[in-house]
Amino acid sequence: MSLVLAEGGSWIEEFGSAFVEKFVEEFKIGDIGADIREGILQWQHYFFIGDVKVLITDAVIVMWIATILAIILFKVMAGKNTIRPNGKQTLVWMLVDLVINTCMGFGMNRKEAEQVTPMIGTFGIVIAGCNVISTFKLSPPAKNIAFPVAMALFAIFYVVVISIKFVGVKGFFASLVSPMKFLLPFKVLDFIIKPISLSLRLFGNVFGAFIFMEFLYIIVPVVAPGVFGLWFDIADGLLQAIVFSYLIMSYIGEIVEVGHELEHEEKEPRKKKKKVIDDSAAAA
């Protein structure tokens, strides 16, 4: 028994000594620039499909991990169809209803709002998942400029396609010359600026937060990263997903609202003409 206690005491002493040594090492500041640079640089690897050389980076891997986890979480929250929704389902329905109402606030009708909500929600879920995953010390995909640029280009492409579907080519063109025709070049230029703005906003916020958190992990690795991570890893990551989705809704609304006004203006003369004919027939 005494032998067991002696060995146990010796192990605790060695463990305590190693723990203190490791704890002190965490607070030793080395080459901060080198450490941050190492955190910024992305992992990349090439593999071959036949004779084709394909590049894969950590941004691609983390993006798929984050997206799959976010979809699973959303699916779990949505659950099965029930007569009485539980708390998680109620939250999902509230979020969906919020997106629909926001779309309608931008000038879309109920049918159009319901049609764009799944895609708007997908943008939000993917970006939120990819940003929040930095909480687990995985590099957020938006740290790589290629991810925000790809998301922004696809978003603008979707805005143009779905807007033309809602109001037609005529309505889309009307939005480019509204309220004055000489604005056409500036409206066209706007479709070049919008994806740049979307991508740089997402990249700048996520990249800046990532650098700041890396700096905190180097300087004060125990308490501060956990506290500040609540904002920079979670709250700010969710906020960027909301802003990105909100802007897409506003871009679609700008076009659709003008298209609906054009349709209304074209219908009014026909209604007045029909009313005049009906009145004349009634008088006769």
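A count restricted to region 95-111 and to residues that are of a type outside the set (A, V, I, L, M, F, W, C) and over 24 Å from Phe74 (Cα atoms) stands at 3. I'd like to check something: does region 216-229 contain any residue that is β-branched (Val, Ile, Thr), in a helix (DSSP H, G or I) and either modelled with pLDDT of 85 or more or touching a Pro at 6+ places or on another chain (Cβ under 6 Å) (or both)? No: zero hits. Of the numbered conditions (1) part of a helix (DSSP H, G or I); (2) crowded, with 16+ Cβ neighbours inside 10 Å, Ile68 satisfies every one except a single condition; which is it? Status for Ile68: all satisfied but (2).
If the condition is being buried (at least 20 other Cβ atoms within 10 Å of the Cβ), polar (S, T, N, Q) and closer than 18 Å to Ala235 by Cβ, then region 118-153 contributes Asn131, Ser134. Restricting the first member to region 187-208 and to residues that are farther than 15 Å from Phe123 by Cβ and basic (Lys, Arg), and the second to residues that are in a helix (DSSP H, G or I) and modelled with pLDDT under 90, the beta-carbon pairs closer than 8 Å and six or more apart or on different chains are Lys187/Ser175; Lys187/Leu176.
In region 117-139, the residues that are touching a residue at least 12 places away in the same chain (Cβ under 8 Å) form Cβ pairs under 6 Å with partners that are outside any helix (DSSP H, G or I) and crowded, with 18+ Cβ neighbours inside 10 Å, at six or more places apart or across chains, as follows: Cys130/Pro140; Asn131/Pro140; Ser134/Pro140. Return yes when Val96 is surrounded by 15 or more Cβ atoms within 10 Å (Cβ to Cβ) and either β-branched (Val, Ile, Thr) or in a helix (DSSP H, G or I) (or both) and no when it is not. When the stated conditions are applied, Val96 passes them. Considering only residues that are within 24 Å of Ala146 (Cβ to Cβ) and touching a residue at least 40 places away in the same chain (Cβ under 8 Å), which ones fall in region 50-96? The answer is Thr57, Asp58, Ala59, Val60, Val62, Met63, Ile65, Ala66, Thr67, Leu69, Ala70, Ile71. Evaluate the following for Phe106: is it at pLDDT 85 or above and in contact with a Gly (Cβ under 6 Å, 6 or more places away or on another chain)? Judged against the criteria, Phe106 is a match.
The values are calculated or read from the model by the stated rules, or taken from the named source; none is laboratory data. What you are looking at is a predicted structure, and each value in this text was computed from that prediction instead of being measured. Cβ atoms come from the backbone with ideal geometry, glycine included; neighbour counts cover every protein chain shown.
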